[in-house]
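Since the structure comes first, as structure tokens, the remarks are kept for the end.
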Amino acid sequence: MTKKELFLVSFQSAMGQVFQMSMRSFWRYIKKQKLTMPQMFALRYIYHKGKCNISDIAKELGVSSAAASQMLDRLVGQGLILRREDQHDRRNKNLTLTEEGRSLLRESVEAQRQWLDALVESMSSDEMERVTEAMDILARRTSKIAAPTVHEI
């Protein structure tokens, strides 16, 4: 194998394992919270977007406004989001996270990263240094490459 082929195999294997461990931890957390992946997506979307409405969520999820509204009803019922009438258009409902919703998102990020503690504990100081150097190189190189946005795919 060429150096490039070895790198690609190694990189894909490592990233696959990282992604799998991260997602497994995330799935366990949302299952424990009795949430679905679309509900978590909606919570994260509201967090990053700030104030948004039901049609924004429906569009991002690729579902009808009625389906999004039903899903959001459950999040309102759980105290994770607030749904309020828009002051300028009473037909429009604005969505915002509650403090409980923000807390849940913080916990989900922490749950997604918990496996990293075990990984770090299993590595020698030299290994951590070498991996850190490699990750710094990857971060610098990937920041210079324009990845397609969701809408370009």
* Asked: What number of residues within region 55-114 are part of a loop (DSSP other than H, G, I, E, B) and among the charged types (D, E, K, R)?
  -> 4
* Out of E100, E5, E107, sole residue that is surrounded by fewer than 16 Cβ atoms within 10 Å (Cβ to Cβ), within 30 Å of I137 (Cα to Cα) and either touching a residue at least 12 places away in the same chain (Cβ under 8 Å) or in contact with a Phe, Trp or Tyr (Cβ under 6 Å, 6 or more places away or on another chain) (or both) -> E107
* To do: Take region 86-107 and flag every residue that is in contact with a strand residue (DSSP E or B) (Cβ under 8 Å, 6 or more places away or on another chain) and under 15 Å from L35 (Cβ atoms).
  => L97, T98, G101, L105
* Asked: Of these, Q12, Q39, Q17, which one is over 30 Å from I137 (Cβ atoms) and part of a helix (DSSP H, G or I)?
  -> Q39
* Which residues, counting only those in region 8-45, are within 17 Å of V131 (Cβ to Cβ), surrounded by 11 or more Cβ atoms within 10 Å (Cβ to Cβ) and of a type in the set (F, W, Y)? -> F11
* Looking only at region 49-83, which residues are in contact with a Pro (Cβ under 7 Å, 6 or more places away or on another chain) and under 22 Å from S103 (Cα atoms)? -> M71
* Hey, S108 under 30 Å from M15 (Cβ atoms), at pLDDT 95 or above and small (G, A, S) or not -> no
* Can I46 be described as under 16 Å from L97 (Cβ atoms), in a helix (DSSP H, G or I), within 14 Å of the chain's Cα centre (by Cα) and not hydroxyl-bearing (S, T, Y)? -> yes
* To do: Could you pull out the residue among L75, L138, L43 that is of a type in the set (A, V, I, L, M, F, W, C), closer than 29 Å to R24 by Cβ and touching a residue at least 40 places away in the same chain (Cβ under 8 Å)?
  => L43
* To do: Say whether the condition of being of a type in the set (D, E, K, R) and either surrounded by 11 or more Cβ atoms within 10 Å (Cβ to Cβ) or within 18 Å of the chain's Cα centre (by Cα) (or both) is met by at least one residue in region 111-126.
  => yes
* Would you say I145 is assigned to a loop (DSSP other than H, G, I, E, B) and more than 21 Å from the chain's Cα centre (by Cα)? -> yes
* Asked: What are the residues in region 77-95 that are out of contact with any Asp or Glu (no Cβ under 9 Å at 6 or more places or on another chain) and surrounded by fewer than 15 Cβ atoms within 10 Å (Cβ to Cβ), if any?
  -> G77, R84, E85, D86, Q87, H88, D89, R90
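The values are calculated or read from the model by the stated rules, or taken from the named source; none is laboratory data. As the structure is a prediction and not an experimental result, all values here were calculated from the model. Glycine also receives a Cβ, built like all others from the backbone with ideal geometry; neighbour counts cover every protein chain displayed.
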